[in-house]
Amino acid sequence: MSEFKSEIRDGMRIDWDVPIEMDDGVTLRGDVFRPIGEGEYPAIMSYGIYAKWLHYADGYPYQWKVLTERYPEVTSGSSCKYMNWEVVDPERWVPDGYACVRVDSRGAGRSPGLLDPRSPREARDYYECIEWAAAQPWCSGKVGLNGISYYAMNQWLVACLQPPHLAAMCSWEGAADRFRDGVRHGGIYCTFTDDWYDRTVLPRQNGLGTRGYRCRWNGDLVSGPETLTEEELGANRSDHLGELFSQSLDGDYWEVRRPDWSKVVVPFLSAGNWGGQGLFPRGNIEAFERAASEEKWLEMHGREHWAEFYTDYGVGLQKKFFGHFLKGEDTGWKDQPRVQLQVPDTSGRFTERTEDEWPIARTKWTKFYLHSAGYALDADPPAYEGAVSYAGLDEGVTFLAPPLEEATEITGPAAAKLFVSSETEDADLFLVLRVFTPDLKEVTFQGAIDPNKPVALGWLRASHRKLDQERTRPFYPFHAHDEKQPLAPGEVAELDVEFWPPCVAVPPGHRIGLSVRGRDYVYPGGVGGDRPDIMVRAFTGVGPFRHDDPRDRPADIFGGKVTLHTGPSREAYVLLPVIPPK
């Protein structure tokens, strides 16, 4: 195995490009930032695809600008010289007695091999890296995992393998079920992965060499040292996008790429983002509800995807957790409530509150019934049969509730029951839970990526309406996605639609709205905010999580007239989690 460079810089001992041999002989590369003094330290590890030598500001200049300008505390106490996308800043962790380990995943950055994102092979590699770190003379034998998004998602998978020295992990805004959480929302193909793969994965593939980035702290090649041809690069990666698109039903392909919650037994902190609808919060909540671990905590926050992990709030929470599990310190974590929520109001302010469980036990499950007459939402079901129609690829219809008589918090899982017919054999439904001011201006929120996020989103392809009865609850319809059940044109079908969990405190006088659409939500105030360079199109309310691939939604199938049916025999409603004060 080749040598690596070790040096003392900025108050740390840094080992660059350390070779880590996998069980199949492939050698991955990792960096280790640790205290200068001799000793044994717990490791904070990340393993992923975004290239460990690529500085945050070089790979993601827009996000870096937002992070440092809106949250100046991030640069306090650190030169930020070694900041890397979605992983910890070693200058804020090493002084506290941690060794920070960053490993480029197979086929990415400095690590050679076949690039196959979020695959079983990656999970096995991660296991090997954890056990490698635990065996090093500088390690105490305890390894913790930390990181955002990709670095969170792969934690669920490696936890299923139960590495002996994995002591704790913090999965920050990490999806879990790839089919439901990102690729096929309600069975509808989401184009986000196409953009993500082309703009953030391929530019960091190992073998780009001189055609890739250069590291700002050592001047070397981020995706080197070899420079391969396009043909060689292509041969060194799986057909990732082709595989995802072709797997339109749940099955074996997806099963090995999602966690088996019965095998996740390690202590963990699952930190989700209310505003990440389309990728981030659903997996964090599912992990907390379903994982076998007896020591698990849920935290839910807001603001940008790339912010709270690095703020004093986020770092403080992480250190409180890891100090307890990796160092045995009395950080107060033993008294930490199982659920910690940052609850937003309509002005964008957050109020912190703790709970003992999820869903919240005192939830008042409240139905608002759809009335086709007047496009109303009401606490009482309609007395007469009715129907309303819209074009299947159009912006649909909106139902509006009366002004709220008192302040109302809506926090938790939510669902809708609809009765639908179509002129064709299928229909895609895009549901939007909305809040309007007394003068009917929509209230939106800073999302994880989009600056104008509605309260909550839900999706369902009618032919995917089959429920998994074992997993389904009244407030949480869980769809099997294991077979297609085409509609009979003109016949009414009953559909249960899952909303990704909303959280908002709504003032009196405001109104709840439900839109049922044939395409993605579009913020009525126009295109919002600047767009990060890695995003292909301007933001319109759903960030990069769009569902407009014509291969998946041909007009002859999804463009027919869709009709929503209401009345005593078809009581359509939206079920909301209203939270009484403690």
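The values are calculated or read from the model by the stated rules, or taken from the named source; none is laboratory data. The model shown is predicted, which means the values in this text are computed figures rather than measured ones. For neighbour counting, all protein chains shown are included, and Cβ atoms are generated from backbone atoms with ideal geometry for every residue, glycine included. Side chains are part of the model used for accessible areas, which takes the heavy atoms of the whole protein and leaves out ligands, DNA and RNA. Shrake-Rupley method; radii C 1.70, N 1.55, O 1.52, S 1.80 Å.
Values as computed for the structure displayed
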{"item": "Amide proton proximity set for LEU429, modelled H, under 5 Å, gap of 5+", "result": "LEU460, ARG461, ALA462"}
{"item": "Beta bridge orientation in the stretch 256-359: antiparallel %, DSSP, nearest 5", "result": "40"}
{"item": "Carbon plus sulfur fraction of accessible area for the chain, probe 1.4 Å, in percent", "result": "48"}
{"item": "DSSP beta bridges in the stretch 130-282 [antiparallel fraction, %, rounded to 5]", "result": "25"}
{"item": "The stretch 104-175: C-alpha gyration tensor shape, a/c 1.5 cut-off, then a/b vs b/c", "result": "oblate"}
{"item": "Cα gyration tensor shape for the stretch 444-582, rounded if a/c is under 1.5, else prolate or oblate", "result": "oblate"}
{"item": "DSSP beta bridges in the chain [antiparallel fraction, %, rounded to 5]", "result": "70"}
{"item": "Where labels lie 7 Å past Cα in the beta-carbon direction, separation of GLU38 and ASP482 in nm", "result": "5.9"}
{"item": "Centroid-to-centroid separation of the stretch 263-309 and the stretch 413-441 [C-alpha atoms, Å]", "result": "26"}
{"item": "Shape of the stretch 10-130, Cα gyration tensor, a/c cut at 1.5", "result": "oblate"}
{"item": "In the stretch 1-148, lysine pairs closer than 19 Å at Cα, eight or more apart or cross-chain", "result": "4"}
{"item": "Average accessible surface area per residue within the chain, 1.4 Å rolling probe, Å²", "result": "36"}
{"item": "Phi-based couplings in Hz for the stretch 88-101 (Karplus 6.51, -1.76, 1.60; Gly and Pro marked x)", "result": "5, 7, x, 5, 9, 10, 4, x, 8, x, 10, 9, 9, 10"}
{"item": "The chain: DSSP helices with Cα axial extent of at least 18 Å and average Kyte-Doolittle hydropathy no lower than -1.0", "result": "312-327"}
{"item": "ASP556/GLU494 FRET efficiency (R0 35 Å; Cβ-Cβ; nearest 0.05)", "result": "0.90"}
{"item": "For Cα extents along the principal axes in Å, calculated from these coordinates, the label among [x] 64, 61, 47; [y] 73, 61, 54; [z] 78, 55, 42", "result": "[z]"}
